[in-house]
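Take a look at the structure below.
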Amino acid sequence: MAEKIEKIVAKLPRMKDVSKVAGLAELRLAEGDATFVADLGIALNGKYGAEGDSLWQYRSLFGTLLRLLTVTPGQENIEQGLRLAATTESSKRSQSRHVASLLASSHPPQDLAVVFAGGSSHARASEELRACLVHELVLRGVDVAEMPGIAGWATSPHWGHHPLGWLPLSLSAFEEEPGLPSYHARGGSWSIPYGRSDDGPQTAPDGTAHVSLTAETTTDAVAEALAAAVSNWSEESNGRIEARTFDLGEPVRVTAVPSMLASLKLESLRGLKASDRAVVSSCPAAQAWRLVFAAASTGGAYNHGLRGAYGRLAAWRSLAGLSGAAVHASAAEVEQQVLECDWYSFGAATKWFERVAWDIGLAAIAPGRRQVAVLAATDTD
């Protein structure tokens, strides 16, 4: 076996197609030889890991091997998947997020207790992978606080310092039906819920309505919080983001929301003709959550996003900023604030929006209806 692996590793840079090797790995796994698949991945990483980002053969084959082990049912497959993941985890933090998503989507939660208990000597998982897996399971409706083999770690205070430790261990009232990817041996798929903003009940504009603007209140910290869910669109793809907050001179009526948005002089609505008003639709907090969670977890046109666990955290940060929650608010306080806001989605045929597949326009009006926060984002391939 070692000799065959050595030959594959040596020939890899000259291969014009790695599908035969991937097929061999799939066959060996079907025969119950998960160790061969993990050994091949470890050997590949040992030889090409440092230059892996520039060697497409390595990227393609290593990703296939890791996915094969982590999505195929069976305890040995999980353990060998953890063994393979451990070889590159320290140099690629994003891998823990990906592996956690693969595992949570493909196995019953009781089979994943090995990730937290340690299992055999080659199945030890990092704290980062465990933290990500906890929230990947929460997103799938698993009661991790009551799950044998997982509850002890998930409820332990020792990881409270971790960024993900701020999140609740159960879904909030607005985290309804999060769009989660599905995986198979050859890849995966997921939905993108953003785009047009005219699916909900549209707000009929009042042409005589006028809302005076007291001041724009956006600070760098506020803008960063608002944009947390979509920052990956601009950092790793071609996206644009507008994140702003305003104080209003008087409470805004529902029928005045379209004209109020137009009066804010948003970059995303610049150039909008009077005859082509922005499409403004009222939406529940759950819809706003789905939009920002999808943007954070699955990414934009040219990236894969933050995956489920960190995507959930980024989505909460954006909703906290939009709702006007205090900077150091607890998750329970943010949830209450989000539920007390009135939410609207909007979009328009302006040059700012790319209108390809990745468009978001959200506005949150705080209780009292004298503060509004806006998040707009767009991306293209």
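The values are calculated or read from the model by the stated rules, or taken from the named source; none is laboratory data. Nothing here was measured: the structure is a model prediction, and the numbers come from that model. Note that we place each Cβ from the backbone using ideal geometry, even for glycine, and neighbour counts take in every protein chain shown. Ligands, DNA and RNA are excluded from the accessible area calculation, which covers all protein heavy atoms including side chains. Shrake-Rupley method; radii C 1.70, N 1.55, O 1.52, S 1.80 Å.
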*Search segment 27-61 for residues being among the acidic types (D, E) and modelled with pLDDT of 95 or more, and hand back the single one that is farthest from A86 (Cα to Cα).*
E31
*Which of (1) touching a helix residue (DSSP H, G or I) at 6+ places or on another chain (Cβ under 6 Å); (2) open to solvent by 70 Å² or more (accessible area, probe 1.4 Å) is the odd one out, the single condition L133 does not satisfy?*
(2)
*Take segment 328-359 and flag every residue that is open to solvent by 20 Å² or more (accessible area, probe 1.4 Å), closer than 20 Å to F174 by Cβ and assigned to a loop (DSSP other than H, G, I, E, B).*
S330
*Right, A320: open to solvent by 10 Å² or more (accessible area, probe 1.4 Å), within 24 Å of L272 (Cα to Cα) and among the aliphatic types (A, V, I, L, M) or not?*
no
